[in-house]
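Reviewing the structure listed below.
The values are calculated or read from the model by the stated rules, or taken from the named source; none is laboratory data. No experiment lies behind these values; they were computed from the predicted model shown. Here the Cβ positions follow ideal geometry from the backbone for every residue, glycine too, while neighbour counts run over all protein chains shown.
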Amino acid sequence: MKRNNRAFTLLEIIVMVGILALLATLLITKTEGIFGNSQQTIARIFVRDSLKTSLERYRMDLGSFPTTGEGLVVLMTAPATTAGTGNWRGPYADAPGGKPPLDPWGEPYQYRSPGTHNKTGYDLFSKGPDKTEGTEDDIGNW
């Protein structure tokens with residue numbers, strides 16, 4: 001009677017544990033890059049897509065985009081003194097407490113109308129991870 005004794009040797013087990021440790025280390029060190037990129041993607045989607053519809057609906061009802069002074073708040077709550085307020089059919093965007101949402105780095109999104117980059121429209125942007133306006137990591141609708 002022939003016995004078939006198959007099992008892992010100690011060397012095979014050590015090699016397997018080493019490979020798993022290497023993979024775990026790679027995964028742990030790459031997570032910052034993964035999450036960092038997702039924050040930029042979230043800001044980009046918000047700036048280029050999410051608020052675009054709300055701002056366009058506001059423009060259709062009132063005839064122009066909100067002014068820089070009115071800001072994004074006017075999408076959540078009716079303006080107090082703007083001419084044509086009777087045409088305001090908002091809220092155009094949902095936000096807890098009637099405040100505009102913050103970017104992934106905890107800063108308010110920046111809004112200008114007329115824009116510096118979009119002279120006939122508006123500029124909407126996040127200052128990015130460095131929280132400084134006018135740097136290369138700004139994420140805008142231009």
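Against the list (1) touching a residue at least 40 places away in the same chain (Cβ under 8 Å); (2) touching a Ser or Thr at 6+ places or on another chain (Cβ under 7 Å); (3) closer than 15 Å to Ile45 by Cα, the condition Asn141 fails is (2).
Exactly one residue out of Gly115, Gly106, Gly63, Gly97 is loosely packed, with under 10 Cβ neighbours inside 10 Å and modelled with pLDDT of 85 or more: that is Gly106. Annotation: of all residues in the range 1-44 being among the charged types (D, E, K, R) and under 30 Å from Lys131 (Cα atoms), the one that is modelled with the highest pLDDT is Arg44. Among the residues of the range 56-94, those that are touching a helix residue (DSSP H, G or I) at 6+ places or on another chain (Cβ under 9 Å) and closer than 19 Å to Lys127 by Cβ comprise Leu72, Val73.
Looking only at the range 70-120, which residues are part of a loop (DSSP other than H, G, I, E, B) and among the hydroxyl-bearing types (Ser, Thr, Tyr)?
So in the range 70-120, the residues part of a loop (DSSP other than H, G, I, E, B) come out as 70, 76-84, 88-95, 99-101, 103-107, 109, 113-120.
Listed by number, the residues that qualify are Thr77, Thr81, Thr82, Tyr92, Tyr109, Ser113, Thr116, Thr120.
I'd like to check something: does the range 121-136 contain any residue that is over 16 Å from the mean Cα position of the chain (by Cα), closer than 18 Å to Lys52 by Cα and either assigned to a loop (DSSP other than H, G, I, E, B) or not acidic (Asp, Glu) (or both)? Within the range 121-136, one or more residues are over 16 Å from the mean Cα position of the chain (by Cα), closer than 18 Å to Lys52 by Cα and either assigned to a loop (DSSP other than H, G, I, E, B) or not acidic (Asp, Glu) (or both).
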